[in-house]
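Below is one structure, written out as structure tokens, with a few remarks after it.
The values are calculated or read from the model by the stated rules, or taken from the named source; none is laboratory data. Remember, it's a predicted structure, so these values are computed and weren't measured experimentally. Counting neighbours? That spans all protein chains shown, and the Cβs are built from the backbone with ideal geometry, glycine included. Calculation scope for accessible area: heavy atoms of the full protein, side chains included, ligands and nucleic acids excluded. Shrake-Rupley method; radii C 1.70, N 1.55, O 1.52, S 1.80 Å.
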Amino acid sequence: MLEVRGISKKFGEIVALNGVAFRAGEGCLGIIGPNGAGKTTLFNIISGFTKPDSGDVRFKGVSIIGKRPSTLVRMGLVRTFQLIKVFRHMSVEENILAADGNSDVLEKIGLWKKRNILASKLSQGELRRLSIGIALATKPRLLMLDEPFSGLSKLESEELDEIIRELMNDGISLVIIEHKLKELFRLADRVIVLNFGQIIFEGSPEDAVRDKSVIEAYLGNGTHAGC
């Protein structure tokens, strides 16, 4: 469904991405790597917020380089952000309706009983679920989640885990950036590891934690990220 072909991007003299290539289809692909590895730049390029210096991104067989984020949403490629973006002055239900969604989405994200509450009154975990609900309201084929477990308690993480599993059961493909490896590895069928803008590993979560280059680049740098 998604094919990234040799994507490169520099900011001044800093190489953010260098020839990154991979495919994502059914199930869940996890993207991990230390801070500054290029994960957010990669997400921004795929979702239309940043143009690469070279390479191509194809979604459902069509090149999407240069297409606006709003166009990609209509095509079925939708992303969330690490910093939660919701309309906090509006009710939970109004947030979903503003995205041209159906209130039934609130059942999927466990917020139906709080549909009339202002978004500003929600907990961190509930806000995260609402942001995902807004994305779901657009009926995505591929949903890209940027650190969905960030700032969540153990219980909130378990609740979100169940929701994401249900999305996969509904046939929605997922690509997830996440620092909390324990939470990500429970969901991901496959992971890619970025370091200094390059993919240094691609394979199963089980193999990733045993790979020497991954351990040196990510797990061994003192930021185990909950693994």
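Taking the Cβ of Asn195 as the center, what net charge do the other residues with Cβ under 14 Å away carry, scoring Lys and Arg +1 and Asp and Glu -1? Numbers along the way, then the final one.
On the way: positive: Lys39, Lys212; negative: Glu202, Asp211, Glu216.
Result for the local shell: -1.
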note = Computed over the range 16-70, the convex hull of the Cα set has an average projected area, in nm², of 4.3
ask   = Hey, what's the Cα Rg ratio for the chain versus the globular rule of thumb, 2.2 N^0.38 Å?
value = 1.00
note = Using a 1.4 Å probe on heavy atoms of the protein chains only, the accessible area for Glu216 in Å², nearest 10, reads 120
ask   = Say R0 is 25 Å: what FRET efficiency, to the nearest 0.05, do Arg141 and Phe87 get from their beta-carbon distance?
value = 0.50
message = Pick from Val175, Val92, Val209 the residue whose mean-square fluctuation is largest in a GNM of the chain, springs joining Cα atoms under 10 Å.
response = Val209
message = From Cα pairs below 8 angstrom and at least 6 apart in sequence, can you work out the relative contact order of the range 88-186, rounded to a whole percent?
response = 27
request  = Would you kindly find the accessible area of Lys139, with a 1.4 Å probe and non-protein molecules such as ligands, DNA and RNA excluded, rounding to the nearest 10 Å²?
outcome  = 150
query = If contacts are Cα pairs under 8 angstrom and at least 6 residues apart, what is the relative contact order of the chain in percent?
reply = 26
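Give the calculated FRET efficiency between Thr71 and Thr50 to the nearest 0.05, with a Förster radius of 22 Å applied to their Cβ-Cβ distance.
0.90
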key: Total formal charge among the other residues, if their Cβ is under 12 angstrom from that of Phe87, Lys/Arg +1 and Asp/Glu -1   = 0
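Is there a pair in Lys39/Lys113; Lys39/Lys60; Lys39/Lys182; Lys67/Lys154; Lys67/Lys212 whose C-alpha atoms are over 27 Å apart, and which pairs would that be?
Table pairs above 27 Å Cα-Cα are Lys39/Lys113; Lys67/Lys154; Lys67/Lys212.
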query = Under a 1.4 Å probe, what is the accessible area of the chain per residue, stated in Å²?
reply = 47
query = What does the accessible area of Ser47 come to, in Å² to the nearest 10, when a probe of 1.4 Å is used?
reply = 10
ask   = What is the spread of the Cα atoms of the range 58-175 along each of their three principal axes, largest first, in whole Å?
value = 41, 28, 24
task = Would you mind telling me the antiparallel percentage of the DSSP bridges in the chain, rounded to 5?
result = 55
message = Can you compute the helix-only [θ] at 222 nm over the chain? Use -39500 (n - 2.57) per DSSP H run of at least 4 residues, normalise by all residues, nearest 500 deg cm²/dmol.
response = -8000 deg cm²/dmol
task = Could you check how much of the accessible area of the chain is carbon and sulfur, as a whole percent, using a 1.4 Å probe?
result = 50
